[in-house]
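Notes follow once the structure below has been shown.
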Amino acid sequence: MNILVINGSPKGEKSDTLKITRAFLEGMGETAEIVDTMKIDVKPCLGCFACWSRTPGKCVQQDDMEKVLKRITQADLVIWSTPLYTYSVPANCKAVLDRLLPLTQMAQLVDENGKTYHPTRERHETKSMLISGCGFPDRKNNFEALEFQFKRSFGDDCPMILCVEAPLLSIAEAKPLADGYLALAKRAGQEYRATGRISEETQSALDAPMFPPEQYRARTRR
């Protein structure tokens, strides 16, 4: 399987979220090409819409995004591996998301649920999923905006692993907790490989905090 990982973390290889992504890939029995958004030249979208009119499907900016778009369209699965920043994604990753515009068309269609959307320019079978970690112990009131963005961008069936208390994955004394969570991520990868989805049981375990939230919050006040 051709898998592309968009690493949106400013920490690069030291990303807590990337540890989850690697465990998921291990469960799938797959390797992936990783695009580190901190190491590529992707400028912010200009909002000129030339990619919809004057140069259909092609951005007027000359940077690395052209190569990224080609890799995305060639992939069977794109994993967006990014931490939660201000209830969204880091600026370097957001620039890549915004620059996906050439893959769509100006036309506005309405789906069976009454949602208006821009159709893709070329039909391809690339699937997308989101893996994100945050420093909060609560999923509720923190991940909703990011969930909405990815469901609207990639479909309501976009798989998601949203890890609370992600900093525990890099704390030595929390290794037993981290190992348990990464084992769950590996199991999710096995399930996704076999069925194209993550089971409700595994998803529920992945959504749960690794450490009691009140104790976690107390430790951050030290």
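The values are calculated or read from the model by the stated rules, or taken from the named source; none is laboratory data. Please read all numbers here as calculations on a predicted model, not as lab measurements. Cβ coordinates were reconstructed from backbone atoms using ideal geometry, including for glycine residues, and neighbour counts include every protein chain displayed. The area values use the complete protein model at the heavy-atom level, side chains included, leaving out ligands, DNA and RNA. Shrake-Rupley method; radii C 1.70, N 1.55, O 1.52, S 1.80 Å.
How high is the relative contact order of the range 96-180, in percent, with contacts defined as C-alpha pairs under 8 Å that are six or more residues apart? Could the numbers behind the result be given before it?
Details: 85 pairs, mean separation 20.7, N = 85.
Computed over the range 96-180, the figure is 24 percent.
Rounded to whole Hz and in sequence order, give me ³J(HN,Hα) for the range 51-56 from the Karplus expression 6.51 cos²θ - 1.76 cosθ + 1.60, θ = phi - 60°, writing x for Gly and Pro.
Working through the residues one at a time gives 5, 9, 10, 5, 10, x Hz.
Per the helix-only calculation at 222 nm, which mean residue ellipticity applies to the chain, given -39500 (n - 2.57) for every DSSP H run of n ≥ 4 and division by its residues, nearest 500 deg cm²/dmol? Don't skip to the end; give the middle numbers.
Numbers: 7 runs with 79 residues, N = 222.
Counting only the DSSP helices, I get -11000 deg cm²/dmol.
Could you look at the chain and say what percent of its accessible area is carbon and sulfur, using a 1.4 Å probe and all protein chains?
On the way: 6200 of 11940 Å².
Heavy-atom surface of the chain belonging to carbon and sulfur, 1.4 Å probe: 52 percent.
Mean 1/r over all different Cα pairs, inverted: what Kirkwood radius does the chain give, in Å? Let's see the in-between values first.
Details: mean 1/r = 0.0546 Å⁻¹.
This gives a value of 18.3 Å.
For the chain, what is the accessible area per residue in Å² when the probe is 1.4 Å?
Numbers: 11940 Å² over 222 residues.
It amounts to 54 Å² per residue over the chain.
Have a look at 170, 206, 109 and report the one farthest towards the positive end of the charge dipole of the chain, computed about the Cα centre with Cβ charges (Lys/Arg +1, Asp/Glu -1).
Positive-end residue among those listed: 170.
Within straight cross-link reach of residue 39, meaning Cα distance under 17 Å, which lysines are found once same-chain residues fewer than 8 apart are removed?
11, 14, 67, 94
Name the lysines eligible as straight-distance cross-link partners of residue 140: C-alpha to C-alpha under 20 Å, and not fewer than 8 places from it in the same chain.
By straight Cα distance, residue 140 reaches 151.
Rounded to the nearest 5, what % of DSSP beta bridges with both residues in the chain are antiparallel? Don't skip to the end; give the middle numbers.
On the way: 4 of 22 bridges.
Taking every DSSP beta bridge within the chain, about 20 percent pair in antiparallel fashion.
Just 21, 120, 73 to compare: in a GNM of the chain, with alpha carbon springs under 10 Å, which one fluctuates most?
Result for the chain, Cα springs under 10 Å: 120 fluctuates most.
How big is the dipole moment of the chain about its Cα centre under a simple scheme where the beta carbon of each Lys and Arg is +1, that of each Asp and Glu is -1, and everything else is neutral? Debye, nearest 20, please. If you can, show how the numbers build up before the last one.
Working: 30 positive and 29 negative charges, 111 e Å.
With only Lys, Arg, Asp and Glu charged at Cβ, the dipole is about 540 debye.
Arrange the peptides 37-45, 94-102, 79-87 so that the one whose residues have, on average, the most other Cβ atoms within 10 Å appears first.
Descending mean neighbour count gives 79-87, 94-102, 37-45.
For the chain, what relative contact order do you get, as a whole percent, if you take Cα pairs closer than 8 Å and at least 6 residues apart?
Dividing the mean separation by the residue count of the chain yields 24 percent.
Could you work out the relative contact order of the range 155-217? I mean the mean sequence separation of Cα pairs under 8 Å and 6+ apart, divided by the number of residues, in percent.
Values: 46 pairs, mean separation 27.0, N = 63.
About 43 percent, as a whole number.
What is the Cα centroid distance between the range 178-193 and the range 61-131, reported in whole angstrom?
That distance is 25 Å.
Accessible surface of residue 117 in the full protein assembly, 1.4 angstrom probe, to the nearest 10 Å²?
90 Å²
For residue 5, what residues show an amide H to amide H distance below 5 Å, using hydrogens built from the backbone and excluding near sequence neighbours?
Amide H neighbours of residue 5, under 5 Å, 5+ apart: 33, 34, 35, 79.
Given H placed 1.01 Å from N in the peptide plane, which residues other than close sequence neighbours of residue 163 have an amide H under 5 Å from its amide H?
132, 133, 134
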